[in-house]
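Colleague: Below you'll find the structure I mean.
The values are calculated or read from the model by the stated rules, or taken from the named source; none is laboratory data. Remember, predicted model here, so these are calculated numbers, not experimental data. Counting neighbours? That spans all protein chains shown, and the Cβs are built from the backbone with ideal geometry, glycine included. Surface accessibility is based on the protein's heavy atoms, side chains included, excluding ligands, DNA and RNA. Shrake-Rupley method; radii C 1.70, N 1.55, O 1.52, S 1.80 Å.
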Amino acid sequence: MIDPNAVFDSGRLLALPTETVYGLAAPIDRPDLIARVFALKGRPPSNPLIVHVGSVDQARACAAEWSDMADHLARRFWPGPLTLVVPRAESISPVITAGQDTVALRMPNHPVALALLKASRVPVVAPSANLFTRLSPTCAADVAAAFSAEDVEIVDGGRCEVGIESTIVAVDETRQTVTLLRPGMVGSEALASSLLPGWQWINAVQSEAELSAIAPGRMREHYRPVKPLTVDCRAQAPRSTPEGAVTVSLPPDARDAARALYRRLREADQQDGCSLYLRLPPTALSDPSWAAILNRLRKAASHWLVPSD
Ligand code: AMP
Ligand code: MG
């Protein structure tokens, strides 16, 4: 296996396969390489990065306070597609956290990612290995299409099993709350039913403005194909595709749909046609297992057709 420390010592970044999407990795103690991550992606510095760890102990060392709740969620859902936002340890640079006093932590569930994280001297930041606002990469070829081998060593770990970015929750020990900041394939029901006694689950009841204040960058991150995308949720949607549009289809099961989402959008984007057209099953709008897919599609879509239209 490739030695991640040698890659970083040579001044290059590592593209690491995870179960969600491929990440563009740099060690948390190399500000120069972290700056390269922002620069290569074109990501604004106001958008904080998720620190990826190989163990719960490593996560605890990145946190100023590691509450019983954070520990409980980590042991229940890690390795897996759940990111925990907790108070930041002094050792975590504010460049990583966009100046915030909190840090986002995750242990990915992918054998190659875990092996690389265990081999790495320190945890790594690893935002998606794509250009800012573009579709996230779910295979090594997607990464190779965006970055040169001179800048990035790509480790091929096959197709991403989950296919969309992690669920993010903020764990606030003072308020005894766990707040959903970004939906993902670890669902709200599973999280809400996993809390310790006395803790409260907050499911995005805040306004978008309030959420943006605690999760900066959230609103500005989009996941866009190049061509304009229309998402049609109407039960009586026309059977034929609009003139000049390429049809994107998703499997009926939410897990399969998440796994296929970015790949299908990419494939459709590369075909001849001036726009993309995706029909959703009308039941998806009220099905909690589709919440994360709808969240990504809302960011990707230029037009959103709902039943009342
Ligand atoms: P990703 O785009 O998958 O790399 O995830 C990064 C996102 O995680 C950011 O856009 C933020 O919304 C969120 N995030 C990262 N760090 C924090 C933090 N300290 N507090 C709140 N949200 C965070
Ligand atoms: Mg991203």
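Colleague: Report, in debye and to the nearest 20, how large the dipole of the stretch 144-208 comes out about its Cα centre when Lys and Arg carry +1 and Asp and Glu carry -1 on their Cβ.
Modeller: The calculation lands at about 400 debye.
Colleague: Once you mark the GluC sites (Glu not before Pro) that are in a DSSP loop and have at most 10 other Cβ atoms within 10 Å, what is the longest gap between them in the chain?
Modeller: Values: sites that count: Glu90, Glu150, Glu243.
No qualifying site falls inside 151-242, the longest such stretch.
Colleague: Could you list which residues have their amide H under 5 Å from that of Arg182, counting only those 5 or more apart in sequence or on another chain, with H placed in the peptide plane?
Modeller: Ile168
Colleague: Quick check: the angle from helix 291-300's long axis to the longest principal axis of the chain, C-alpha only, nearest 10 degrees?
Modeller: Tilt of helix 291-300: around 70 degrees.
Colleague: Return the tail of the calculated pair distribution for the chain, meaning the percent of Cα-Cα pairs more than 35 Å apart. Let's see the in-between values first.
Modeller: Values: 8523 of 47586 pairs.
Of all Cα-Cα distances in the chain, 18 percent exceed 35 Å.
Colleague: Averaging sequence separations of C-alpha pairs under 8 Å and six or more residues apart, then dividing by the length of the chain, give the relative contact order as a whole percent.
Modeller: Values: 630 pairs, mean separation 60.0, N = 309.
That works out to 19 percent.
Colleague: What base-10 log of the normalised intensity I(q)/I(0) is obtained for the stretch 92-150 from the Debye formula, alpha carbons as equal point scatterers, at q = 0.24 Å⁻¹?
Modeller: -1.17
Colleague: Here's something else I'd like to know. What does the accessible area of Ile96 come to, in Å² to the nearest 10, when a probe of 1.4 Å is used?
Modeller: 0 Å²
Colleague: Given Val306, Ser286, Gly158, which one lies farthest toward the positive end of the charge dipole of the chain, if we put +1 on the Cβ of every Lys and Arg and -1 on the Cβ of every Asp and Glu?
Modeller: After comparing all options, I get Val306.
Colleague: Could you estimate the translational diffusion coefficient of the stretch 1-123 from the Stokes-Einstein equation, with Rh from the Kirkwood formula over C-alpha pairs, at 10 °C and 1.306 mPa s, in whole µm²/s? Could you put the intermediate results ahead of the total?
Modeller: Numbers: Rh = 14.6 Å.
In µm²/s, the coefficient is 109.
Colleague: OK, next. For the stretch 1-155, which whole-number percentage of the solvent-accessible area (1.4 Å probe, protein heavy atoms only) is attributable to carbon and sulfur atoms? Walk me through the intermediate numbers first.
Modeller: Numbers: 3040 of 5540 Å².
The value for the stretch 1-155 is 55 percent carbon and sulfur by accessible area.
Colleague: Taking a probe of 1.4 angstrom, what is the accessible area of Asp272 in Å², to the nearest 10?
Modeller: Counting only protein heavy atoms, the figure is 150 Å².
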